[in-house]
1. For a quick check: with amide H placed at 1.01 Å from N, whose amide H comes under 5 Å from Leu211's, ignoring anything fewer than 5 positions away on the same chain?
2. Using a 7 Å offset from the Cα along the Cα-to-Cβ direction at both Asn82 and Glu205, what is the distance between the two label points in nm, to one decimal?
3. Highest mean first, what order results for 222-233, 78-89, 22-33 on Cβ atoms within 10 Å?
4. Give a residue-ordered list of calculated ³J(HN,Hα) values for segment 84-89 (Karplus: 6.51 cos²θ - 1.76 cosθ + 1.60, θ = phi - 60°; whole Hz; x for Gly, Pro).
5. Name the residues whose placed amide hydrogens come within less than 5 Å of the amide hydrogen of Ala70, ignoring near sequence neighbours (fewer than 5 apart) on the same chain.
6. Among the listed pairs Lys20/Lys101; Lys50/Lys219; Lys42/Lys192, which are separated by more than 19 Å between their Cα atoms?
7. Output wanted: per-residue J couplings in Hz (rounded whole) for segment 15-22, from phi through Karplus 6.51 cos²θ - 1.76 cosθ + 1.60, θ = phi - 60°, x for Gly and Pro.
Amino acid sequence: MEKTACNMSSSKMVIGAYLKGAWNFKRNVTSTIDQRLQAYVKDGAASYFKWTNSHSKIESDMEEDIPHKATLLYREKGALVNVQYPSASGEVTRQYLYEVKGDLCVDVYHCTAVLPQSKNSSTINLTDFMKSCTEPINPNVNCEVFVKQGLFHSLNFQHADHLESQVEQSADAVDTSKNSTEKDQHWHCRYKAACDHLCELDLYEGSFEILSQTKYCTKWTVSGPHKAYKIETLYEKINDK
């Protein structure tokens with residue numbers, strides 16, 4: 001039987017198949033000291049596409065099967081609004097490599113975009129390059145050159161139906177629309193993974209929670225000598241099949 005993102009009858013999750021494709025997202029950054037909103041991201045767009053070492057090519061076909069072991073390139077862009085320091089607002093972009101190790105296991109790596117040589121000039125504008133490389137649905141495969149860096153964190157998903165109340169609360173922190181579709185409301189195949197990452201003196205503690213066939217959220221709590229905030233992001237799938 002062909003694997004899908006989730007088989008409703010067997011509750012079988014294949015994380016690579018679930019993630020593939022394009023997503024919208026919204027993100028809040030909140031102080032853990034006074035609970036005040038520090039910043040947020042609007043018009044967020046993200047994508048997961050199959051990635052191979054050969055010429056660092058992105059497979060842009062949305063219908064391509066993602067096996068239980070594959071590497072996905074995650075990319076995002078959005079408009080950051082800094083509530084405390086408006087002058088620091090602007091476009092944000094980032095990318096990671098997701099090495100899918102099994103149905104429910106993923107290693108997430110930092111990666112660096114390497115500027116290719118243009119046919120008409122020796123350089124290419126960095127802003128134009130990043131914009132083209134974060135297009136969520138139709139990536140420009142001619143500019144995709146990424147180099148894998150160090151391990152960021154690992155995700156080992158577990159079935160999380162028994163964590164329903166916590167999952168719904170985490171979604172409410174970012175999603176205030178309450179306009180869940182009937183398909184979402186009756187979807188009971190929820191999964192959750194926890195992770196952490198130490199960056200010098202700063203500890204990042206995170207969770208990745210699958211809420212429905214079309215929604216997932218991530219939460220990071222950051223603590224350190226000069227940091228005390230949480231980052232909550234809600235993703236909603238585009239063109240779900």
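1. Amide H neighbours of Leu211, under 5 Å, 5+ apart: Tyr216, Cys217.
2. 2.7 nm
3. So the order, starting with the most tightly packed, is 22-33, 222-233, 78-89.
4. Computed from phi, the couplings for segment 84-89 are 6, 10, x, 5, 8, 6 Hz.
5. For Ala70, the qualifying residues are Val100.
6. In this structure, Lys50/Lys219; Lys42/Lys192 lie more than 19 Å apart at Cα.
7. For segment 15-22, the Karplus-derived couplings read 5, x, 5, 5, 6, 4, x, 10 Hz, x marking Gly and Pro.
Each value in this text was obtained by applying a stated rule to the coordinates, not by laboratory testing. Bear in mind that the values here come from a model prediction, so they are computed numbers and not experimental data. Counting neighbours? That spans all protein chains shown, and the Cβs are built from the backbone with ideal geometry, glycine included.
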